[in-house]
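Step one of this worksheet: look at the structure below.
Laboratory data are not the source of any read-out in this text; all were calculated from the coordinates shown. This is a predicted model, so every value here is computed, not measured. Don't worry about glycine lacking a Cβ; one is built from the backbone with ideal geometry, like all the others, and counts go over all protein chains shown.
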Amino acid sequence: MFEYISGKLTIKKIDYVALDINGLAYKVYVSLKTFEKLDNIGNDEKLYVYTNVKEDDISLYGFKTQNERELFKALISISGVGPKLGIAILSTFNTREIIDIVNENESKIFTRVPGLGIKKAQKIILDLKDKVKKLDLTETIEEISDISSGKLITSNTSNPKLLLMKEDLKLALESLGYINSDVSKWITDKELAQVKDISEAIKMILQKIQK
């Protein structure tokens, strides 16, 4: 229905934003990954949108990249995956990570998403196999650049096992009070591959944070 919406950002919450266009504010639901890339309130913002139409509701879902929107559309086309779970998946992993998880058949990593069990994770991976091949590689390269420059929280590794360790580290650091901790900022993939266990990695990161 709409390709994108461009307007002044007037409301900015974790799960939705409002874009003002000539005095009319559009409520647009967003993933956490899109939220992290949004500009400040009062500035102009552009989101690629998907219109979800039900009998009793019409909702807009917005994304900073076309790849993220295409992944959302692919996800909700899978039986048993609705917009809520689709947004949860896209809030947990960025598009580059999802591509890697699908290509490596790492369904266990997908179960990091709240409410996503192993069987459904396996079905999602199977259904996404061909669809991720159609995504814009230029966008995924730019996303890796954003990660390495600290704009995103999650890992820039293409190694699913290191990705899983980084997710564990992120959860551990958040439990210690370091909310939205950027693991990649404090430990490299090379360092992570050399540690014995998560405890050693946490000690290494805390030492760096304290410095």
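Just how far, in whole angstrom, is the stretch 5-46 from the stretch 66-140 if you go by their alpha carbon centroids?
24 Å
Do any trypsin sites (Lys or Arg not before Pro) in the stretch 1-110 lie in a DSSP loop with no more than 14 other beta carbon atoms within 10 Å, and if so, which?
LYS13
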